[in-house]
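Shown next, in structure tokens, is the structure this report addresses.
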Amino acid sequence: MSRLEELKTRIKEALPGLECVIGWQKGYDPLHNTPLFMRTDADVDKLEWGPLNVHNPAVYLPTFTGKKVGVVVKGCDSRSVVELLQENLINRDNVVIFGMPCTGVIDLSKVKARLAGAGVSAGTVTAVTDDGKTVSVTAGGQTTAMPLAEVRADKCGRCQFPNAVLADAYVGDPIAPAAPAAAADADLAALDAMSVPERMAFWRYHMERCIRCYACRNACPMCVCRDHCIAQSREPHWLTQDDTATEKLMFQVVHALHLAGRCTECGECQRACPMDIPVLALKKHLNRTIRDLFDYQAGVDPQAIPPLLQFKLEEDNIKERSW
Amino acid sequence: MRIGVFICHCGSNIEGTVDTATVAKASLDFPEVVYATDTMYACSEPGQDGIIQAIKDKNLTGVVVASCTPRMHEPTFRRAVERAGLNRYMFEMANIREHVSWIGKDREANTNKSVDLVRIAIEKLRRDAPLSPSKFSINKRVMVIGGGVAGIQAALDCADGGLQVVLVERESSIGGKMAKLDKTFPTVDCSSCILGPKMVDVAQHENITLHAYSEVDAIGGYVGNFQVQVKKKATYVDWTLCTGCGACMEKCPSKKNPDRFNEKIGPCTSINIPFPQAIPKKAVIDPTTCRQFVKGKCGVCAKVCPTGAIKYDMADEIVTEDVGAIVAATGYDLFDISKVTEYGGGRYPDVITGLQYERLLSASGPTGGHIKRPSDGKEPKNVVFIQCVGSRDKSLDRPYCSGFCCMYTAKQAILTKDHIPDSQSYVFYMDIRSPGKMYDEFTRRAMEEYGARYIRGRVAMVYPKDGKMIVRGADTLAGTQVEVEADLVVLAAGAEAAVGAPKLAEKLRISYDKYGFFMESHPKLKPVETNTAGVYLAGSCQGPKDIPQSVGQGSAAAAKVLALFSKDMLESDPQISRVDIKRCVGCGKCIITCPFKAIKEVEFRGQKKAEVIETVCQGCGLCTSTCPQGAIQLSHFTDNQILAEVNALCQS
Ligand SMILES: Cc1cc2nc3c(=O)[nH]c(=O)nc-3n(C[C@H](O)[C@H](O)[C@H](O)COP(=O)(O)OP(=O)(O)OC[C@H]3O[C@@H](n4cnc5c(N)ncnc54)[C@H](O)[C@@H]3O)c2cc1C
Ligand code: SF4
Ligand code: SF4
Ligand code: SF4
Ligand code: SF4
């Protein structure tokens with residue numbers, strides 16, 4: 001039995017006790033997988049596993065409050081689940097976690113760029129296969145082989161958690177992280193190298209392009225305010241609806257601040273952005289600060305209290321008093 | 001809303017650099033302002049009457065006063081608008097004195113800034129809502145922490161006033177530093193003769209419960225209803241049985257331990273009663289030196305104790321005391337003289353602190369009141385006193401004056417002559433600070449009648465030579481170097497905050513300064529109050545103080561407690577957080593962040609929600625910045641009010 005089949009069996013076993021199990025299925029064309037909500041055995045048969053499973057299914061968990069659901073996770077997705085648990089936003093008794101080792105997912109933008117380079121349109125894809133190392137995309141009758149290492153999402157290149165950090169059913173043997181522990185962060189390094197005016201210009205350029213669709217927010221598993229998001233709320237009235245770079249940057253900065261020490265860097269915000277705006281960099285920057293100050297990473301330990309969600313008289317690494 | 005704006009001159013304090021008439025005129029252009037004027041002293045009686053009259057005449061529904069800091073007069077003006085029939089929270093203050101007139105001289109810039117601050121206050125006021133306090137009952141018991149002379153006085157005055165008092169003392173006896181002193185300036189009367197009776201009064205007062213050898217572990221609650229957990233440290237002696245006979249001390253074989261009561265210049269037994277007049281007079285075993293604990297065998301004290309009070313298996317015990325007010329009187333400790341390496345304190349036995357010298361002078365001290373120097377027990381002839389060791393010294397981060405050292409050094413010089421008539425005292429000083437009744441006369445007596453040689457100047461170094469301590473320094477008045485061959489050197493070690501004072505302050509939720517001394521609410525007008533309602537200060541925990549000042553503060557703190565308890569109900573501050581349960585997702589983040597444990601989890605239609613406990617919330621606002629939903633808002637300081645203030649500022 002293949003690992004995927006074994007996983008399906010495990011899900012089918014658990015399904016009777018669950019509202020549904022969230023995973024991925026084939027999408028509208030061979031290049032896209034989409035989320036799958038399994039309620040019957042027939043649904044489970046549609047489950048897919050592989051580099052096209054780009055979505056983070058944890059985002060749906062808080063919407064099932066009070067109901068018991070299952071979720072299939074990649075390593076990064078599992079950290080979102082853990083963070084949700086840490087923040088009491090979901091209940092451990094009401095979630096069953098299924099996991100398999102993950103070798104990385106593709107970055108669609110990179111794949112599209114490759115196809116464009118080969119002179120074919122991404123809209124004409126007829127088949128996608130992968131062997132764990134190479135993704136082969138057939139489009140316009142022509143097959144382009146792309147090493148996964150070159151077209152995978154940036155986060156996969158730095159991934160430290162290829163296995164679920166928390167799982168009730170884990171299929172397959174855990175694998176070692178592909179990257180060294182302190183993998184270089186190219187986007188942050190590029191921003192660090194800019195002068196302040198350059199950085200301001202960089203964000204102004206991107207914010208002018210933002211269409212304020214809030215896909216970044218909606219895709220984020222940790223954005224749980226939903227109807228009370230400061231983006232729309234009048235009480236408190238943090239943002240106006242002015243279509244200006246200032247208001248849009250304000251939103252991004254507030255979003256990033258709310259995610260400081262909570263964001264697991266799943267990258268969904270940036271992946272969801274139709275304008276390819278590098279919004280993840282803002283969160284990564286704050287996470288770096290949190291890591292330096294509190295030696296803390298979000299979504300790793302279900303028991304840990306996130307540093308900004310607690311009150312301590314004396315912080316270990318912040319010296320307010322010198323005696 | 002109909003807003004009235006009053007711009008105060010504060011005499012010339014504000015008017016001197018702010019054109020208040022222009023500020024008033026500009027205010028008329030702001031939204032909903034129907035009346036604006038400048039006024040000479042807004043807080044004076046005619047000033048307040050003017051506000052009240054305007055509220056009535058112009059039908060005002062909200063008032064802004066631009067004047068001084070709200071710390072000072074916000075309560076004043078709130079009462080004034082209330083007298084005129086408005087809710088007291090329909091009032092805002094703009095601080096154009098501390099924030100404007102006192103910090104800048106440019107009249108035009110100051111006037112513009114004042115206009116901005118008024119505009120901000122108006123925008124906040126427009127979003128104010130009437131708030132009303134709720135009433136709650138109070139527990140008329142008071143806790144005094146620290147049983148030095150200040151704490152003793154506070155406890156006795158409260159108890160005499162009919163209150164139940166719980167006195168918590170860290171050591172095994174009350175008395176504090178005063179119990180260690182021989183005689184006291186400026187009258188040179190015996191310290192234990194005047195303190196002893198007070199200590200006995202504490203022991204015998206029916207309204208006082210004494211927890212000695214105890215410390216405050218945790219404090220919950222709020223003014224009127226504190227719950228204090230007191231840790232009664234294990235004494236290994238059952239105090240209900242111990243009669244203080246001292247048989248155990250006579251027989252204890254472990255006799256060579258540094259005696260803390262005698263400032264470690266004499267030995268004591270492992271089981272010990274610190275001094276004959278101790279209150280309570282009960283023995284305590286030090287498990288770090290006791291052979292039963294260290295070696296696992298001995299048990300002598302258990303054998304000799306006639307009442308069978310020894311309990312080697314005793315453990316710390318926590319008792320909870322419910323009180324309505326707390327007086328902190330934890331005193332001071334001494335600067336560590338070994339930090340001034342040039343003077344050799346801690347290295348040479350004959351360089352000692354003033355407090356150690358008090359023990360040498362005291363008849364109940366280790367030498368029976370005969371001055372014998374620690375190294376060889378010889379009577380010293382030349383005694384050098386060095387003042388300001390660890391005081392008024394920026395390089396040691398001790399820039400403050402310890403207040404009582406000039407006086408006690410003079411006292412000790414006098415007493416030295418009394419004890420050893422053929423002795424000579426030398427006092428190295430920076431300045432003589434003796435501004436009390438009979439104080440300057442006292443220091444003069446030390447010089448003139450008792451022949452103490454006062455040398456103005458700093459000592460550079462102290463070193464041993466042929467059984468003497470050579471003290472080398474400068475005489476800045478004579479402009480020469482001096483060298484004195486001393487038999488004994490007494491350092492007037494400065495006062496420091498009591499060990500652990502900052503930790504206690506955190507538990508009490510009161511502020512403390514950089515040095516660990518507790519902060520009073522106002523340095524002049526509220527010297528014994530703190531910024532936490534129901535917590536008061538007495539004695540040198542607030543800053544170095546001599547005995548008369550400490551006693552005065554003890555009585556003052558008691559008066560404050562008695563005044564607080566003269567009411568049966570207190571009003572709670574309505575400027576607290578409230579949860580909008582529609583928005584709350586019950587994540588409990590606010591519950592874990594609230595430093596005052598003021599938020600609890602409740603069930604609402606089967607869902608978890610947060611709820612603020614009205615009387616516990618201090619209005620700090622931490623929860624409001626934590627709640628991702630914006631579900632918890634601080635009344636009178638809502639996000640929208642703050643945003644409106646920021647917007648008002650950024651528009652201008
Ligand atoms: C050498 C020397 C000589 C002096 N001579 C004179 C003099 O002649 N005349 C004069 O007016 N002044 C004199 N003083 C000053 C005098 O000592 C103080 O004014 C006085 O002791 C202050 O009393 P207090 O109660 O504020 O503090 P303290 O005497 O320090 O008492 C504080 C008490 O609180 C207790 N405590 C501390 N922390 C805690 C805690 N966390 N929990 C529970 N209990 C705690 C301590 O054990 C102590 O019993 C002298 C000082 C020195 C150093
Ligand atoms: S902010 Fe972006 S990267 Fe972080 S948890 Fe949300 S979606 Fe994932
Ligand atoms: S997804 Fe992209 S375009 Fe949409 S709001 Fe977020 S940053 Fe702007
Ligand atoms: S933090 Fe906000 S949402 Fe969470 S429990 Fe508190 S009030 Fe409710
Ligand atoms: S404002 Fe919030 S955090 Fe502060 S004391 Fe009140 S409930 Fe606690």
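List of remarks:
- Matching entry among A:159, A:220 (being in contact (Cβ under 8 Å) with a residue 60 or more places away in the chain, in contact with a helix residue (DSSP H, G or I) (Cβ under 9 Å, 6 or more places away or on another chain), within 14 Å of another protein chain (Cβ to nearest Cβ) and surrounded by 20 or more Cβ atoms within 10 Å (Cβ to Cβ)): A:220
- Test set (1) within 14 Å of chain A (Cβ to nearest Cβ); (2) modelled with pLDDT under 95 - residue B:501 fails condition number: (2)
- Condition met for residue B:633 (without any contact (Cβ under 8 Å) to a residue 60 or more places away in the chain, under 26 Å from residue A:313 (Cα atoms) and within 8 Å of ligand 4 (Cβ to nearest atom)): no
- Residue B:568 falls short on exactly one of the conditions (1) closer than 29 Å to residue B:137 by Cβ; (2) modelled with pLDDT under 95; (3) within 14 Å of chain A (Cβ to nearest Cβ), and that condition is (3).
- Number of positions in segment B:353-401 that are within 20 Å of residue B:338 (Cβ to Cβ) and charged (D, E, K, R): 8
- Failed criterion for residue A:202 (all others in (1) within 23 Å of the chain's Cα centre (by Cα); (2) of a type in the set (A, V, I, L, M, F, W, C); (3) at pLDDT 95 or above hold): (1)
- Number of positions in segment A:81-122 that are touching a residue at least 40 places away in the same chain (Cβ under 8 Å) and more than 14 Å from chain B (Cβ to nearest Cβ): 20
- A Cβ distance below 7 Å, combined with a sequence gap of six or more or placement on separate chains, defines the contacts here; from segment B:350-373, residues that are assigned by TED's automatic domain parsing to the domain that holds residue B:339 and at positive phi reach residues that are crowded, with 21+ Cβ neighbours inside 10 Å and assigned to a loop (DSSP other than H, G, I, E, B) in the pairs B:369/B:362.
- Of all the criteria given as (1) of a type outside the set (Val, Ile, Thr); (2) surrounded by 18 or more Cβ atoms within 10 Å (Cβ to Cβ); (3) at pLDDT below 90; (4) more than 24 Å from residue B:584 (Cα to Cα), the one not satisfied by residue A:229 is (4).
- Of all residues in segment B:499-516, exactly one satisfies the criterion of being surrounded by 20 or more Cβ atoms within 10 Å (Cβ to Cβ), part of a loop (DSSP other than H, G, I, E, B) and free of Cβ contacts under 8 Å to residues at least 40 places away in the same chain, namely B:516.
- When B:597, B:609 are checked against the criterion of being modelled with pLDDT under 90 and either surrounded by 19 or more Cβ atoms within 10 Å (Cβ to Cβ) or more than 8 Å from chain A (Cβ to nearest Cβ) (or both), B:597 stands alone in meeting it.
- Residues of segment B:13-36 that are out of contact with any helix residue (DSSP H, G or I) (no Cβ under 7 Å at 6 or more places or on another chain) and assigned to a strand (DSSP E or B): B:34 alone.
- The number of residues in segment B:533-562 being under 20 Å from residue B:615 (Cα atoms) and either among the hydrophobic types (A, V, I, L, M, F, W, C) or within 16 Å of ligand 2 (Cβ to nearest atom) (or both) comes to 3.
- Test result for residue A:302, more than 16 Å from ligand 2 (Cβ to nearest atom) and within 30 Å of residue A:74 (Cβ to Cβ): yes
- Of the residues contained in segment B:637-648, one or more are found to be within 8 Å of another protein chain (Cβ to nearest Cβ) and part of a loop (DSSP other than H, G, I, E, B).
- Residue match in segment A:233-247 (condition: within 14 Å of chain B (Cβ to nearest Cβ) and under 21 Å from the mean Cα position of the chain (by Cα)): no
- Residues (more than 10 Å from chain A (Cβ to nearest Cβ), more than 9 Å from ligand 5 (Cβ to nearest atom) and either part of a strand (DSSP E or B) or farther than 26 Å from residue A:224 by Cα (or both)) located in segment B:612-636: B:614, B:615, B:636
- Single unsatisfied condition, residue A:295 versus (1) in contact (Cβ under 8 Å) with a residue 24 or more places away in the chain; (2) more than 10 Å from every other protein chain (Cβ to nearest Cβ); (3) more than 16 Å from ligand 3 (Cβ to nearest atom): (1)
- Residue check for residue B:395: within 17 Å of residue B:190 (Cβ to Cβ), surrounded by fewer than 20 Cβ atoms within 10 Å (Cβ to Cβ) and either in the same structural domain as residue B:454 (by TED's automatic domain parsing) or touching a residue at least 60 places away in the same chain (Cβ under 8 Å) (or both): no
- Of all residues in segment A:39-80 being aliphatic (A, V, I, L, M) and free of Cβ contacts under 8 Å to residues at least 60 places away in the same chain, the one that is farthest from ligand 3 (Cβ to nearest atom): A:42
- Being outside the structural domain of residue B:373 (by TED's automatic domain parsing), touching a residue at least 60 places away in the same chain (Cβ under 8 Å), more than 10 Å from the chain's Cα centre (by Cα) and closer than 22 Å to residue B:149 by Cα is a property that does not hold for residue B:539.
- Of all residues in segment A:257-283, those being within 14 Å of chain B (Cβ to nearest Cβ) and within 16 Å of residue A:55 (Cα to Cα) number 1.
- Candidates A:257, A:293, A:282 - the one that is surrounded by fewer than 20 Cβ atoms within 10 Å (Cβ to Cβ), in a helix (DSSP H, G or I), of a type in the set (A, V, I, L, M) and within 15 Å of ligand 2 (Cβ to nearest atom): A:257
- Matching strands (runs of 3 or more DSSP E) fully within segment B:117-206 where at least 1 residues are surrounded by fewer than 17 Cβ atoms within 10 Å (Cβ to Cβ): B:135-137
- Some residue of segment B:40-62 being under 20 Å from residue B:10 (Cα atoms) and touching a Leu at 6+ places or on another chain (Cβ under 7 Å): yes
Here is a yes/no grid of residues against (1) assigned to a helix (DSSP H, G or I); (2) surrounded by fewer than 16 Cβ atoms within 10 Å (Cβ to Cβ); (3) of a type outside the set (D, E, K, R):
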site	(1), (2), (3)
B:11	no, yes, yes
B:38	no, no, no
B:50	yes, no, yes
B:53	yes, yes, yes
B:59	no, yes, yes
B:89	no, no, yes
B:98	yes, yes, no
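- Residue in segment A:191-205 that is part of a loop (DSSP other than H, G, I, E, B) and in contact (Cβ under 8 Å) with a residue 12 or more places away in the chain present: no
The values are calculated or read from the model by the stated rules, or taken from the named source; none is laboratory data. Keep in mind that what you see is a predicted model, and the values were worked out from it rather than measured. Because the Cβ atoms are built from the backbone with ideal geometry, glycine has one as well, and the counts that use them run over all protein chains shown.
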